[in-house]
Amino acid sequence: MASGRRRPSRGVVAAVCVVVLLLAAVAVRQFVVQPFRVPSASMEPVLQAGDVILADRADRGTARRGDLVVFDGSGYFAPSGSGSGRYWVKRVVAVGGDRVTCCTDDGAITIDGQVLEEPYLAPGTEPSSIEFDLRVPEGRMFVLGDNRDDSTDSRSMLGAPGGGMVPVDRVVGTVDRIVWPLTRAGAVR
């Protein structure tokens, strides 16, 4: 006695599997992690030009001091028509309410009068050649590249609208690992 049900063909099963995998990949990219390529040397020595990093999307729209973040700088951090990319990766140095100042007599950056410890800077790196003293507005962040001599960052935008402070809601995610090249793959500290 034959049942009235036919088994789907292998082609239909394969097509359904492909669609499910594509939907899963889109969901991972939207809600879990998103890959980005580091475009410049501005984050050396921690990140190098060409590294492929993963941004943790669970942290989008948030920023804590010390975080490495990927943010959307289009029309805000990157002036329109500048030719700069839409996404930027930088280190959060100060957040809303913080007073960030450069520099002490010893050349250090301070946050609310406390010297900012920066173990991620390469030996001999000057914290900043640009002096500043400002309070970060609520909902904004002050970001710097780790390679201070080769970084376009909040210091570069002090005279622009917003004074170089990026809206926290522009954060796409925090950088948690390098995935390429394999010789550098691993967690970002």
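The values are calculated or read from the model by the stated rules, or taken from the named source; none is laboratory data. Keep in mind it's a predicted model, so treat the numbers as computed, not measured. Neighbour counts run over all protein chains shown; Cβ positions are idealised from the backbone, glycine included. SASA here: full protein model, heavy atoms, side chains in, ligands and nucleic acids out. Shrake-Rupley method; radii C 1.70, N 1.55, O 1.52, S 1.80 Å.
A few remarks follow.
- For region 71-88, the criterion of being open to solvent by less than 40 Å² (accessible area, probe 1.4 Å), modelled with pLDDT of 95 or more and over 20 Å from Ile130 (Cα atoms) is satisfied by no residue at all.
- Among the residues of region 49-63, those identified as assigned to a loop (DSSP other than H, G, I, E, B), of a type outside the set (A, V, I, L, M, F, W, C) and either modelled with pLDDT of 95 or more or open to solvent by less than 60 Å² (accessible area, probe 1.4 Å) (or both) are Gly50, Asp51, Gly61, Thr62.
- Members of region 156-189 found to be in contact with a Leu (Cβ under 9 Å, 6 or more places away or on another chain) and buried (at least 21 other Cβ atoms within 10 Å of the Cβ), listed by number: Gly164, Met165, Gly173, Thr174, Val175, Ile178
- In summary, strands (runs of 3 or more DSSP E) completely within region 109-169 and bearing 1 or more residues that are free of Cβ contacts under 8 Å to residues at least 24 places away in the same chain occur at 109-111.
- For region 26-43, the condition of being at pLDDT below 65 and among the small types (Gly, Ala, Ser) holds for at least one residue.
- Those residues of region 97-116 which are modelled with pLDDT of 95 or more and open to solvent by 90 Å² or more (accessible area, probe 1.4 Å), in sequence order: Arg99, Gln114
- For region 124-155, the set of residues classified as touching an Asp or Glu at 6+ places or on another chain (Cβ under 6 Å) and over 14 Å from Met43 (Cα atoms) consists of Val136 only.
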